[in-house]
Structures are given as structure tokens and as C-alpha cells.
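Throughout, read-outs are computed from the coordinates displayed, never taken from laboratory work. The structure presented is a predicted model; accordingly, all values stated were derived computationally and were not measured. Note: ideal-geometry Cβ built from the backbone for every residue, glycine included; neighbour counts use all protein chains shown.
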Amino acid sequence: MKTCRLCSSKNLTDAIDLGAMPIAHRMRKRQDEAEQHYPQRYVLCRDCGLMQIADPIDPEELYREFNFCFSGWKPQPHIAAEFAMISRTSPGKSMLEIGSNDGLFLIEARKSGFGPLLGIEPNRLATEQARSGGLSIVNEMLTPALAADLVAKHGRFDTVVVRQVLEHLLDIPGFFTCVDLLLAPQGILFVDVPDVEQGMRSGDATMLWEEHVNSFTTPVLESALARFGFAVVESERYNFSGGTIAVAARRGAARGTPLDLEKHLAVAGKFAERVEGYQKRLKSVLSRARDAGFGIVLYGAGNRACTLTNSGDLKGLIDYAVDDQLERQGLFMPGTGIPVRPSAELAQESRPFLCLLAVNNEHETKVTAKVRELARAPAHIFTGLSPADIHAELDRVSALLDRENAP
Ligand SMILES: [Zn+2]
């Protein structure tokens, strides 16, 4: 890529290169199944601070046969806080959600007294699911022509909701052209995106995912909004899915957190080195554990597990993965061919084992309790995913191995 997809600057430098990676949602049916790999390299814009995938996979190719993973699969405990923010800031009750998925958020909006409600969603199955809940959904890609058409039919909206969307967009300015058409003059633009800040600081590569072509932190998001004429009114951060930033913004001059570009570039500039350092440590701890006779099981086989195992080169160090999502059980992880089994399998472990958690932190309590309940052999559980302190987690396992080796 030659120009930044947020600000069109040509001032781009290398951020991190994960090398050739498989598509995380494309599980193998056979362990040795051939699969396509795609370069996953990130560049950093030195003018607006956005870290972005250099060569995004063509969406037609990426989302081909992709008809699962709806929002309902993930509990979203922060939704109530998000509604409270919208209620405090929005001038009225009409709401449009761009990328409404299976309708989870709009159904909650209806319960909270918002309406009229409308969703826009390009995925057909997600649309059908949302419509079966009685929601009104436009099953199309958002374009300025569609936006103008919707405004003619419904008027402008008091709130435009854009959750977990900006990180997927190849054309950010084009998107804001649509938002500008759709939003009432005093209306609230509500945005939530994954926050890569903690991962960047700790050297956790797993918040990188081929589906997320743009990587935001709070100041990068707020300065991006300012670029398109929006001032942040409120902002919050939730420990959901690796970290989520939510902001309510209104047209006007920016008064949110200004981006300290130099500081951000300094943190981002160390990211690749930190990832390498963490991966080296993780690999060395797992090798030591294997030598000491421990089994090694990965808990979770989703996109973050895919990045962890492939970019961290863990293929030969993990016996198998367990995952509670039925659709993944009996299949093999992309890139590594690590078999995926139901968690009940943990009861079969006869030797002490390490259980490396590759689930988002909000699921850890539940998953840890499950491992404790199922395992009959001693299980040592630690997490490989931020925003938890992944280095402190490794320290804990290291100390355990030191004790094992002590005479
Ligand atoms: Zn830029």
C-alpha cells in the first residue's frame, strides 16, 4: 500500500510483520489439509498514527462461505454501559445501526425504549436472524446512494451506532461521507472498536487479525473522528474482547484526548520487538514444560489462538486445543493442524499439564472453573492474552518449572 487509508498520507513505516498467515476462521477438516496463506504485515502512519494491514485480503475471498460467528455467541456484559452512554448523550430515540449483525444490540435498544430502529447489514444469514426478532434490517452494503435513499424514507437519525466496524473498513473517508448523510444535525455517533493499546505495550500480537485491517487506540480513534468533524462527548474503555473503546461523538471541534503522536509512535515503534521478546519467552517456557513431562493444552481455538500459535510458532509444542464452540470441535486449527476437541477431553489427561488460555479475559473465570472441575490430573492454568499481564503469567509458570527442577 502506498497511502494511509485514514488520512491518505504517504508517510508510512513498517510496524510488524507476522509473515504468511492462514485465515483464522477457516478451520481444517483434515489435519494435513492444504490451505492458502496471506501476508500479514502492518504499517504505521506517521501522520495520523493508524496502524494498518499493508495488504488486506480481498473481502470477497476473506468472507467467502463465512456464515457463522454471530454476536449472540459472545456474552457482551458492557452493552448496558453503552446504552447508558447513548441515553445520556443522544438528543432523541431514533437509531440506525451500521453493521447490525444478528440484531443483538438493536433488540437491547428496543428493550431500553429506543425507536424507530433500523439496521444495515450485508451478511444475509445475520440479517435473517435479526429479522426473525422483528427488526427492520436493510440487507445491503452501505453506500452514499443507499444512505441518501434511507434518509429520504426515514429522515435522519438521532443516533448512528457503529460497533466493531471501523476496524474492518478499507475506505474510512467514504464511510464518514455516509455517516454525515445519515446523522441528524445534533445527533450522536456512537462508535466502539477494539483497543490495541495494551497489546502493543505488552507485546501481544494476538489482537492482530486479518479481519481487522485498522488498529485503534483511544487517542488514535479520537483524532480520527476529529478529522471527520466529530468531537468526542464521552469515552469509556471495557475489558471485552481484548479491550474495547466506546465513544459518543457529536459534530463540532474536537475536545477529547488529543493524540500525542510522538508518544504513540514510540510505543508502536517498539511493538514488533516486544512481540518477538514475548514469543521467545513463551516458546522457551513451553519447551521446558515439555521436557519436564507436562502435557500442554491450549484452551480456545478462535482468531487470537490462531495468531498466537502461528506467529509464535507453537505447532510442535501443543498437544491439542479444546474449544467450547461445537462448530470447531473435531476440526484442526488453521496453519498448525492442532486438533480441536471438546473440553470434556481434559478429564482424560493422566499427567500434569499446562493449560494455556487463549480466550478473552472476560471468559477466564468461567473457563478456569471448568478446567478445575474437569481435570483429574494437576492443571496449571495461565493466560496468553492481554490485557492480562502476559509476562507475569509466564513468570508464574517459570517459577513452577523452577520448583519442579529443584533437587
Ligand atoms: Zn494516516
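Debye sum, Cα scatterers, the stretch 133-289, no solvent: what log₁₀ I/I(0) at q = 0.09 1/Å? Calculated log10 I(q)/I(0) at the listed q: -0.37. With the simple model of a label 7 Å out from the Cα in the direction of the Cβ, GLU345 to GLU373 spans 2.0 nm. Note: relative contact order over the stretch 71-269, using C-alpha pairs below 8 Å and six or more positions apart, is 18 percent. Cross-link partners of LYS111 among lysines, defined as those whose alpha carbon lies under 23 angstrom from its own and excluding same-chain residues fewer than eight positions apart: LYS74, LYS93.
The label-point distance for ALA399 and THR365, in a model that sets each label 7 Å from Cα toward Cβ, rounds to 2.3 nm.
Using only Cα atoms and rounding to the nearest 10 degrees, what angle (0 to 90) does helix 172-182 make with the longest principal axis of the chain? For helix 172-182, the angle is close to 40 degrees. For THR177 and GLU33, the FRET efficiency from 1/(1 + (r/R0)^6), where r spans their Cβ atoms and R0 equals 45 Å, is about 0.60.
Axis angle, to the nearest 10 degrees, between helix 271-291 and the longest C-alpha principal axis of the chain: 30 degrees. In the elastic network of the chain, a GNM with C-alpha springs shorter than 10 Å, the most mobile of VAL232, VAL359, VAL285 is VAL285.
Counting other Cβ atoms within 10 Å, keep those with at most 16, restrict to DSSP loop, and tell me which trypsin sites (Lys or Arg not before Pro) in the stretch 167-267 are left. Kindly include the intermediate steps, with their values, before the conclusion.
On the way: sites: ARG201, ARG227, ARG237, ARG250, ARG251, ARG255, LYS263; in loops: ARG255.
Answer in residue order: ARG255.
In whole Å and largest first, what semi-axes does the C-alpha gyration tensor of the stretch 14-158 yield when each eigenvalue is scaled by 5 and square-rooted?
On the way: eigenvalues 219, 84, 55 Å².
Rounded to whole Å, the semi-axes are 33, 21, 17.
With the largest listed first and rounded to whole Å, the semi-axes of the equivalent ellipsoid of the stretch 228-271 from the Cα gyration tensor are 22, 17, 7.
Before rounding to the nearest 500, sum -39500 (n - 2.57) across all DSSP H runs of length at least 4 in the chain and divide by the residue total; then give [θ] at 222 nm in deg cm²/dmol.
Values: 13 runs with 136 residues, N = 407.
Calculated from helices alone, the mean residue ellipticity at 222 nm is -10000 deg cm²/dmol.
Using C-alpha pairs under 8 Å with a sequence gap of at least 6, the mean separation divided by the residue count of the chain gives a relative contact order of 15 percent.
Using Cα-only point scatterers and the Debye equation, what is log10 of I(q)/I(0) for the chain at each q in 0.08, 0.11, 0.14 Å⁻¹, rounded to two decimals? Here log10 of I(q) over I(0) equals -0.45, -0.85, -1.30. All C-alpha to C-alpha distances of the stretch 318-380, sorted into 10 Å bins beginning at zero, yield P(r) values of 21, 56, 23, 0 percent in whole numbers. In plain terms, the bigger the Kirkwood radius, the slower the diffusion; for the stretch 284-405, with that radius from Cα pairs, at 37 °C and 0.692 mPa s, Stokes-Einstein puts D at 229 µm²/s.
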